[in-house]
Ligand SMILES: Nc1ncnc2c1ncn2[C@@H]1O[C@H](COP(=O)(O)OP(=O)(O)OP(=O)(O)O)[C@@H](O)[C@H]1O
Ligand SMILES: [Mg+2]
């Protein structure tokens, strides 16, 4: 089979880092090729080079055997390369079709011929089984569907080679499966796909070949059938990785640390997103909220952490009524918060890493004394955390912007774990992390639990929920529709409850 | 290594304003040629007229002083993500309360009186700007709208006070004047020519030192204190700031108050340094708007603002000399305009690019 893409000896140097160090990569026609590597290994950089967002420091690129200089994304698109970024670029108030044809609209006189646009989008959508309604408004679509719109956009522009950068990080298990089917359809039609993901199971089930890079260097390209998850993990991290979490069962004191009572919270459109939720998290316990994205989790967390107004109901921390507390006062109760959206809430991207790593306790000693900030302490602190949490960065002086996605996440995790935690609210704590880092963060969460922290874990990943939780609640449509002990839970039961069904029904043998 | 980085960082942030300035002068030269004059003669007049002697440099310093204050004022607000168009109004209330303080505390000796005058200007400006800050923080009314309205309110208020409250007729029983009472000698800032005689007849006064001191204070405030950390965080990412326990409402009000106090000080220092009184006028003083340009060209950085204020001081002082050399004074306006347009376009494109990058490549952006 012929190579549609050949990248030879690609090197990319950023100030202080060699992001890509003499990497070779090739993509065969009709294959799904996974690019695997730790956080900061240089995957996104390599793909940004292929898509014309960066120019390589040295090295050459061949598209369909022809040496090509890709100077910008327009050149890439001309050459049949399409890229779906982890952060979408859709205009929320436009329809699907309007978004897709944006910049390349079919004209009717001076105006856009929306009928032609709709028809064309529908045709591509049907051809590859994407099932997207071209006339729907983007803001009404789930994340999973928005991602398909991005894929459609690339296809509409004539992409033969598709780059998907961590597409599954934001998807539910169901959506991941559907995306898998879509990718199979695409390659069946002769497209070729480069997929970046950290989920090894996915790699095994969907890809034809895997290329592993580590710290910017090419390690190996192997056929998926010749490998397994353990081997892949070892290749990318350079050591054996323990893919299961060590967690001793333990006795709980039964001290309620976090108590939520009949909470009602509105979303941005003033609709009730949390419709009367009550639960407790005990000292030294991990309580996980499982659920499909968009069922009120975000609003619930924001309400608890003082970032969103509570309509009614109460929140207690160690018996203290904190319902009306500001976010600072809540932090001062010993609450750590790993936010679900690291770029929106977790970091000031334009500030340097050192300044980011004190956010939330920046006004306390030793970082601030009588209003004056002590930058040598701040930098010492950042250096310590960078080392302890293995944040891959040239130094603490670079902006948070310049870190890879996973390393941004690690920086936040490090900052929050530095607090003296009574309560930890962790929303998607391992989103975008590599297996080694997931192992590490899971260990940290369990450690905190063992030391008595009450942990509220909100995760879309059932694996994570099952691995970490002591108790599990399932959230659906703003309510907790069921809660069970972790030892009684399995993926199937949770899956049914997450879709709004009840276990009793299943056991009664009824159809859902 | 670190020093090298610093130099690179400084160069990177100065590159564009410098290019803009060169372009401004080039475009200016084209217009000078078009008006049948020699750009060499014109620019010689400009720079000689503003820099060649103590007295011409003194005149430049005097022009630089108020816009150094207002440039800082705009920058502080910018850093918190606020656009303070109201420096005009804050300057006006600062000026009128300087006169009031000068009258009320007139028994005081020189230094305490000067301090009272400057502080009262600062407080008045802070208060005036806080109105807009408060409305923005609590009700969400955009600061651009409120500050523009407050500019006109300030102008009319000042005219009324000059006419009916601080008028010599009211306070000293003389006949009605179109201006307020004047500051007593103890309330006047020292002229530089009293310290260094070479400054001769230039209007330069010690206000420039107060302005430079404020540059230092604002630099420390923004980059070395937790107040500045919070202001900058709110400016760069209000959602993350909120998450970090930073009170957005409070910081918006603080930022506007600090900004307003600087603009108010501009008014007070202008009164104490040169005008000594406030006249009734239908016109805005203009220093507030110049401050926007100064802040833009100075990249909202206190140190950058020293240089950009000086540049605008040179242009405004040198323009008279150019006029004397027979070159239309509008040329200076053109040069200023070109510089501002280019710097503003650069900032706009940075903002747009950042928006785009934030979505398509989340990690780029260290190249500023
Ligand atoms: N614009 C940039 N400026 C400076 N350094 C950068 C920039 N972009 C990336 N880097 C650095 O290059 C290295 C590789 O980053 P890249 O984003 O390619 O990693 P990645 O493999 O995609 O990681 P992740 O799995 O966390 O997304 C990192 O060390 C990062 O800090
Ligand atoms: Mg990446």
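The numbers here are math on the coordinates, done by the rules we state, and not lab data. All figures in this text were calculated on a predicted structure; none of them were measured in a lab. Every residue, glycine as well, gets a Cβ built from its backbone with ideal geometry; the counts of neighbours run over all protein chains shown.
With each label point set 7 Å from Cα along the Cα-Cβ vector, what nm distance links residue A:420 and residue B:217?
Result for the modelled spin labels: 3.7 nm.
Can you give me the C-alpha center-to-center distance between the range A:447-466 and the range A:106-166, rounded to a whole angstrom?
38
How big is the protein assembly as shown in terms of Cα radius of gyration and Dmax, in angstroms?
Here Rg and the maximum Cα pair distance are 31.8, 103 Å.
So what is the relative contact order of chain A, in percent, for Cα pairs below 8 Å that sit 6 or more residues apart?
Numbers: 1029 pairs, mean separation 78.0, N = 512.
RCO, chain A: 15 percent.
Which residue fluctuates most in the GNM of chain B (Cα springs below 10 Å): B:260, B:140, B:318?
In the Gaussian network model the winner is B:140.
I need the per residue convex hull volume for the range B:1-85, using only the alpha carbons, in cubic angstrom as a whole number.
Values: hull volume 14.4 nm³, N = 85.
Considering the Cα atoms of the range B:1-85, their hull volume per residue is 170 Å³.
Indicate the gyration tensor shape class of the range B:97-185 (rounded, prolate or oblate), computed on the Cα atoms with a ≥ b ≥ c the square roots of the eigenvalues: a/c under 1.5 is rounded; otherwise a/b larger than b/c is prolate and the rest oblate.
Since a/c reaches 1.5 but b/c is at least a/b, the shape of the range B:97-185 is classed as oblate.
Using Cα atoms only, what is the angle between the long axis of helix A:375-388 and the major principal axis of chain A, expressed in degrees (0 to 90) to the nearest 10?
70
Taking every pair of distinct Cα atoms and averaging 1/r, then inverting, what Kirkwood hydrodynamic radius in Å comes out for the range A:250-409? Numbers along the way, then the final one.
Values: mean 1/r = 0.0564 Å⁻¹.
Value: 17.7 Å, from the Cα pair sum.
Let me confirm one metric for peptide B:246-258, namely the mean number of other chain beta-carbon atoms within 10 Å of its residues' beta-carbons.
Details: counts 7, 3, 1, 0, 1, 0, 0, 0, 0, 0, 0, 0, 0.
Average per residue, whole number: 1.
For the range B:70-305, what relative contact order do you get, as a whole percent, if you take Cα pairs closer than 8 Å and at least 6 residues apart? If you can, show how the numbers build up before the last one.
Numbers: 472 pairs, mean separation 100.0, N = 236.
Across the range B:70-305, relative contact order equals 42 percent.
Once Rh for the range A:78-217 is found with the Kirkwood sum over Cα pairs, what is the Stokes-Einstein diffusion coefficient at 20 °C and 1.002 mPa s, in µm²/s? Could you put the intermediate results ahead of the total?
Values: Rh = 15.8 Å.
Using the Kirkwood radius from Cα pairs, D works out to 136 µm²/s.
Give me the percent of Cα-Cα pairs in chain A that sit more than 32 Å apart, rounded to a whole number.
On the way: 60958 of 130816 pairs.
The answer is 47 percent, as a whole percent.
Run the numbers for residue A:57 and residue A:270: contour at 0.36 nm per residue of separation, minus the present Cα-Cα distance, in nm. Walk me through the numbers on the way to the answer.
Working: separation 213, 0.36 × 213 = 76.68 nm, distance 5.01 nm.
Contour length minus Cα-Cα distance gives 71.7 nm.
Given labels modelled 7 Å from the Cα in the Cβ direction, how far is it in nm from residue B:36 to residue B:172?
About 5.0 nm separates the two model spin labels.
Report, for the range A:62-179, the % of DSSP beta bridges that are antiparallel, rounded to 5.
55
Give the average, rounded to an integer, of partner chain Cβ atoms located within 10 angstrom of each Cβ in A:350-363. Intermediate results must be reported in sequence, preceding the final value.
Values: counts 9, 6, 1, 0, 0, 3, 3, 0, 3, 9, 5, 2, 7, 7.
Shielding by partners across A:350-363 averages 4.
Tell me the Kirkwood radius of the range B:70-305: reciprocal of the mean inverse pair distance over distinct alpha-carbon atoms, in Å. Mind dumping the intermediate values first?
Numbers: mean 1/r = 0.0554 Å⁻¹.
One decimal place: 18.1 Å for the Kirkwood radius.
When the label point is put 7 Å from the Cα of residue A:490 along its Cα-to-beta-carbon vector, which residues of the range A:147-187 have a backbone N closer than 20 Å?
Only A:173-174 pass the distance filter.
Can you give the angle from 0 to 90° between the axis of helix A:114-127 and the longest principal axis of chain A, with both taken from C-alpha atoms, to the nearest 10?
Long axis of A:114-127 versus the principal axis of chain A: about 80 degrees.
If you count the DSSP beta bridges with both ends in the protein assembly as shown, what percent of them are antiparallel, to the nearest 5?
Working: 52 of 89 bridges.
Looking only at bridges with both residues in the protein assembly as shown, the antiparallel portion is about 60 percent.
Ranked highest first by the average count of other Cβ atoms within 10 Å around their residues, in what order do B:268-275, A:362-369, B:194-201, A:76-83 fall?
Details: B:268-275: 25.6, A:362-369: 15.2, B:194-201: 12.8, A:76-83: 21.9.
Top of the packing list down: B:268-275, A:76-83, A:362-369, B:194-201.
With just the Cα atoms defining each centre, how far is the range B:160-187 from the range B:29-105? Give it in Å.
Cα centroid to Cα centroid, the span is 27 Å.
Applying 1/(1 + (r/R0)^6) with R0 = 22 Å to the Cβ-Cβ distance of residue B:195 and residue B:111, what FRET efficiency is obtained, to the nearest 0.05? Could the numbers behind the result be given before it?
On the way: r = 15 Å, r/R0 = 0.69.
It comes out at approximately 0.90.
What nm distance separates the two modelled labels at residue A:251 and residue A:387, each placed 7 Å from Cα along Cα→Cβ?
3.9
To the nearest 0.05, how large is the calculated FRET efficiency for residue A:67 and residue A:242 if R₀ is 51 Å and r is the Cβ-Cβ distance?
Details: r = 45 Å, r/R0 = 0.87.
The value I calculate is 0.70.
Sorting check: for A:62-73, B:46-57, which peptide has the highest mean count of neighbouring beta carbons within 10 Å, and how do the rest follow? The partial results should precede the final answer.
Numbers: A:62-73: 14.3, B:46-57: 18.4.
In decreasing order of mean packing, A:62-73, B:46-57 become B:46-57, A:62-73.
Rounded to the nearest 0.05, what FRET efficiency do residue B:224 and residue B:11 give with R0 = 22 Å and r taken as the Cβ-Cβ distance? Could you check?
Numbers: r = 23 Å, r/R0 = 1.05.
That gives a FRET efficiency of 0.45.
Could you work out how much longer the chain between residue A:229 and residue A:333 gets when fully extended? Use 0.36 nm per residue separation minus the Cα distance between them, nm to one decimal.
Numbers: separation 104, 0.36 × 104 = 37.44 nm, distance 4.13 nm.
Length difference between fully extended and current span is 33.3 nm.
With both partners inside chain A, how many of the DSSP beta bridges are antiparallel, as a percent to the nearest 5? Display every interim value, and only then the final one.
Values: 49 of 86 bridges.
The antiparallel fraction comes to roughly 55 percent.
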